[in-house]
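One structure follows; several queries about it will come next.
What follows is calculated from the coordinates using simple rules that are stated; it is not laboratory data. Note that the structure is predicted; figures quoted are calculated from it, not measured. Counting neighbours? That spans all protein chains shown, and the Cβs are built from the backbone with ideal geometry, glycine included.
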Amino acid sequence: MHGVRGDAVSLEVRGVVKSYGSLRAVDGISLTVRAGTILSLLGPSGCGKTTLLRTIAGFVTPDAGSVLIDGRDVTSLPPRLRNVGMVFQHYALFPHMTVEQNVSYGLRMKRTPPEETRRRVTEALRLVRLEGLENRLPAQLSGGQQQRVALARALVMNPRVLLLDEPLGALDLNLRRYMQVELKQIQRQTGVTMVYVTHDQEEALALSDEVAVLNAGRIEQLGTPQEIYQYPASTFVANFIGHASVLWADVVARGGDEMALRLAGECTVTVPARAVPDFAKGASRVPVVIRPERVQMLRLHPRGGSMPRAGDDRPGSSYVVGSGQPAAVVRGRVQEGTYQGDAYLYRVALMDESQLQVRVPVNSPDLFSHGDEVECLIDTDGLRIVRESEVR
Amino acid sequence: MQPNAVAAPTTVKRSSPWAPWLPLLPALFALIVFFVIPLVAMVRLSFQESTNVAVAGGWSLRHYVYIFTSDLYREIIWKSLGIGLLTTFITLIIGFPLANYYVHASPRYKGLMLFIIIAPLLINMVVRTYGWQIILGRTGFLNELLRLLGWINEPLALVYNFTGVVIGMTHVFLPFMVLSLSSALQSIDRRIYEGAEILGATDWQRFWTITLPLSRPGIIAGCILVFSLTQGAFVTPLMLGGTVGRTIASLVHIDTLVRFNWPRATAMANVLMLIIVAVLLLQVRLLKGHSSALGGSA
């Protein structure tokens with residue numbers, strides 16, 4: 001099969017808009033996918049990711065914008081002439097055909113010589129490790145096997161772009177993780193360009209070269225999984241990918257190469273100007289994102305100790321967190337802890353009523369319970385000023 | 001009072017294996033009185049001797065022998081089957097695109113479409129059939145129209161013959177065909193069509209490889225249903241068939257009510273019943289083949 005990882009663009013979407021009645025399902029999306037890479041379209045249901053995928057496939061005609069495959073405008077071509085493959089959410093296998101007939105379907109419709117058909121079907125079935133099940137009907141296969149048939153059926157056509165619409169959505173968690181690895185392996189072997197729709201952020205991070213996070217028909221952020229996780233561009237992205245706390249910070253001072261922010265009304269941190277996005281340059285209040293693993297927690301009053309006195313105040317700037325970075329210190333009260341296997345995720349109410357999430361490994365000497373008064377040490381290096389997302 | 005109260009639970013317990021069947025008793029009663037007994041009586045009657053106007057004593061196969069040796073009766077049996085097959089075929093050809101269109105119509109128009117589809121069933125049978133007499137007659141609407149268009153010089157014989165019966169039956173039985181086909185077509189997931197499309201199938205290829213095989217249960221059910229209905233119908237052949245468009249059912253009607261030869265009429269009715277039973281068995285067989293091919297999932 002073909003397709004080499006490189007700078008060549010396999011798929012380009014330009015300013016696609018699609019409305020259903022008054023709802024703008026896709027609201028002006030542009031993106032490019034390099035040959036041989038996996039792009040995930042990630043977002044909650046109703047964000048427009050499936051509509052966008054179906055527009056690329058040709059099942060949906062956009063109101064505006066265009067779709068280019070290998071530089072050729074295919075916007076007005078029917079699906080069968082676009083040379084794309086698709087794996088549907090519930091596989092959409094032909095129930096009256098055997099595995100072999102399902103996989104050979106596309107080749108038969110294109111009147112490929114029987115010899116070549118047989119060779120390519122065998123090859124595709126070997127790729128997805130389904131040899132020996134040629135004569136089974138879909139109903140006689142497990143969910144994972146059906147999924148592989150759907151994959152083989154699409155891959156056997158050597159599509160320029162393979163579209164996958166939540167292909168693992170119907171599988172249980174274990175099988176899903178396993179199939180993710182396998183899918184990535186198959187992608188590497190075939191070099192096929194993939195566009196992968198999912199609402200599972202873990203899946204998107206694990207599988208993709210690039211992730212487009214969609215919200216309300218628009219791209220909130222497009223980047224590598226690392227960029228998306230470490231440098232979320234908006235409150236929406238931060239909340240959708242992994243755990244995150246969003247605090248509103250007041251801008252208290254603005255200098256040439258620094259900006260000073262006041263967190264939870266009690267502690268001031270300085271942020272280098274290069275870490276301040278343009279939209280925040282003139283703002284007086286900005287949302288700040290903190291990942292729970294960038295916060296450490298200390299008990300303010302050891303168990304059995306006295307209750308905090310009014311006006312009990314301590315300077316926070318002298319603390320240093322594990323990474324060697326200076327920490328911002330805020331005080332709060334533990335609301336609840338959620339057990340996550342390797343850690344507890346605590347929700348802490350700060351003095352100004354905002355919420356901070358803190359991750360504490362289970363082997364930590366100090367675990368907390370509801371009502372504990374704590375000090376939270378926030379690694380300022382992990383602070384991200386983000387854009388506030390529109391909510392639809 | 002007391003002993004009864006104690007005994008009651010035991011009684012309930014003892015009868016419990018039959019309890020689930022108890023509510024079926026009224027249906028069973030109706031089945032026996034209105035179906036089984038008349039059926040037995042009909043079979044009995046068909047083996048009895050008869051004079052021209054009355055049932056005479058003694059057993060005989062005379063009526064069955066007569067039915068299968070008389071040229072008239074043999075011809076009418078073949079003609080009935082012919083009318084049935086042709087009507088079934090025509091309703092299938094007209095009904096398939098209609099059902100397919102109905103299934104994929106937007107929900108806004110579905111209600112209206114369904115009403116139009118079943119409209120023929122909402123009109124009184126006699127009124128509907130008179131309507132066809134008027135439309136199809138020698139000086140009827142259709143012949144006049146065709147003459148005005150200059151397509152014909154002499155009126156076509158559209159009624160009081162084979163053609164009239166087929167037209168009338170197609171009209172009444174089309175809804176049954178469309179509804180059977182719709183339920184099968186409805187169950188085909190849209191994504192299966194899309195799967196075929198994106199794999200390169202043209203509309204025509206998709207129809208032959210996906211739509212047709214997957215709607216097979218509906219096609220079989222619709223054909224069997226319409227065929228059975230054509231064999232049982234007697235008003236349409238009586239009113240639109242004239243003397244040449246007779247069917248088994250209309251012959252039974254005449255033997256019963258005009259010739260008063262009940263034994264022969266029941267013999268003929270039994271032949272008709274056997275034909276329909278044979279057709280139903282065929283359906284069971286065909287559908288069994290289908291569901292096992294889908295691994296029992298469909």
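Quick one: among A:Glu336, A:Glu100, A:Glu115, which has the greatest mean-square fluctuation in a GNM of chain A with alpha-carbon springs under 10 angstrom?
A:Glu115
What's the average, rounded to a whole number, of partner chain beta-carbon atoms within 10 Å of each residue's beta-carbon in A:88-96?
So the per-residue partner count for this stretch is 6.
Ranked highest first by average number of other Cβ atoms within 10 Å, how do A:194-203, A:138-147 line up?
The densest-packed peptide leads the list: A:194-203, A:138-147.
Around B:Tyr64, with a cut-off of 14 angstrom between Cβ atoms, what is the net charge of the other residues, counting Lys and Arg +1 and Asp and Glu -1?
Within the 14 Å Cβ shell, the charges total +2.
Write down, largest first, the equivalent ellipsoid semi-axes of chain B in whole Å, where each equals the square root of 5 times an eigenvalue of the alpha-carbon gyration tensor.
Semi-axes from the Cα gyration tensor: 39, 36, 19 Å.
For peptide B:205-214, what's the mean number of Cβ atoms from other chains within 10 Å of each residue's Cβ?
Average per residue, whole number: 3.
Report the FRET efficiency, 1/(1 + (r/R0)^6), for B:Ser187 and A:Ser45, where r is their Cβ-Cβ distance and R0 is 25 Å, rounded to 0.05.
0.50
Continuing with this model, one more query. Report the rotationally averaged projected area of the protein assembly as shown based on its alpha-carbon convex hull, in square nanometres.
55.0 nm²
Let me ask something additional. Taking a point 7 angstrom from the Cα of A:Leu345 along the C-beta vector, which residues in the stretch A:150-184 have backbone N less than 18 Å away?
It comes to A:173, nothing else.
Turning to a different aspect of this structure: Specify the residue with the greatest mean-square fluctuation among B:Pro263, B:Pro217, B:Pro107, computed from a Gaussian network of chain B linking alpha-carbon atoms under 10 Å apart.
It is B:Pro107.
With 5 Å bins from zero, work out the P(r) of the stretch B:141-298 over every alpha carbon pair and list the percent per bin.
Computed distribution, short to long bins: 2, 8, 12, 13, 14, 12, 10, 11, 9, 6, 3, 1, 0, 0.
Once each part is reduced to its C-alpha centroid, what is the distance from the stretch A:204-219 to the stretch A:14-54 in angstrom?
10 Å
Can you order the peptides A:363-372, B:237-246, A:218-227 by their average number of other Cβ atoms within 10 Å per residue, highest first?
Highest to lowest by the protection proxy: B:237-246, A:218-227, A:363-372.
Report the FRET efficiency, 1/(1 + (r/R0)^6), for B:Arg285 and B:Leu146, where r is their Cβ-Cβ distance and R0 is 60 Å, rounded to 0.05.
That pair, B:Arg285 with B:Leu146, gives E of 0.85.
May I ask for the distance between the Cα centers of the stretch A:106-143 and the stretch B:218-278, given as a whole number of Å?
Comparing the Cα centres of the stretch A:106-143 and the stretch B:218-278, I get a distance of 51 Å.
Take chain A, connect every pair of alpha-carbon atoms lying under 10 Å apart with a spring to form a Gaussian network, then pick out the residue of A:Glu182, A:Glu12, A:Glu116 with the largest mean-square fluctuation.
Per the Cα network of chain A with a 10 Å cutoff, A:Glu116 tops the list.
Okay, moving on. Okay, helix-only estimate at 222 nm for the protein assembly as shown: each DSSP H run of n ≥ 4 adds -39500 (n - 2.57), divide by all residues, round to 500 deg cm²/dmol; what do you get?
Calculated from helices alone, the mean residue ellipticity at 222 nm is -13500 deg cm²/dmol.
Between A:Gln226 and A:Asp257, what's the calculated FRET efficiency when r is the beta-carbon distance and R0 is 35 Å? Round to 0.05.
Between A:Gln226 and A:Asp257 the formula returns 0.85.
Can you compute the charge dipole magnitude of the stretch A:80-158 about its Cα centre, using +1 on each Lys and Arg Cβ and -1 on each Asp and Glu Cβ, nothing else charged? Give it in debye, rounded to the nearest 20.
With only Lys, Arg, Asp and Glu charged at Cβ, the dipole is about 240 debye.
For the stretch A:220-232, take each phi angle, set θ = phi - 60°, evaluate the Karplus expression 6.51 cos²θ - 1.76 cosθ + 1.60, and give the result in whole Hz per residue in order, putting x for glycine and proline.
Here the 3J(HN,Hα) series is 7, 7, 10, x, 5, x, 5, 4, 4, 6, 7, 10, x Hz.
Could I ask something else about it? Taking every residue in A:75-86, how many Cβ atoms of other protein chains lie within 10 Å of its Cβ, on average?
Numbers: counts 0, 0, 0, 4, 7, 10, 1, 2, 2, 1, 2, 6.
Shielding by partners across A:75-86 averages 3.
Now for a separate question. Which of the lysines could a cross-linker bridge to A:Lys18, judged by Cα under 24 Å and excluding same-chain residues fewer than eight apart?
Straight-line reach from A:Lys18, under 24 Å: A:Lys49.
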